[in-house]
Amino acid sequence: MLRLIRKSQKGQTAVEYIMMVAVAVSLGIAVFKKLDEYLIKNPKGLIGKPLNSYRQAMDQNGKYKRFPLRMAR
């Protein structure tokens, strides 16, 4: 009987640790999604502003736009 109780307690401990890890992972994912929305996807965000300025300097292929130089005559 004592053996069954010990096995049961070990199993319960393992399940509790797995549940704690699952909760921590789900909270981490939720936090990173919110940070992504706030910092990167927001055009006025901390990272969104520089990204928008880089996008304006690029063409559709991801290369820098070429601007013709006008020579003074």
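Rule-based calculations on the coordinates, nothing more; no lab input. Quick caveat, the model's predicted, so the values are computed rather than measured. Because the Cβ atoms are built from the backbone with ideal geometry, glycine has one as well, and the counts that use them run over all protein chains shown.
Observations, loosely collected:
- Residue pairs meeting the criteria (Cβ under 8 Å; at least 6 apart or on separate chains; first free of Cβ contacts under 8 Å to residues at least 40 places away in the same chain and at positive phi, in segment 25-50; second surrounded by 10 or more Cβ atoms within 10 Å (Cβ to Cβ) and among the small types (G, A, S)): none
- Lone qualifier among L39, L46, L35, L27 - being within 20 Å of the chain's Cα centre (by Cα) and not in a helix (DSSP H, G or I): L46
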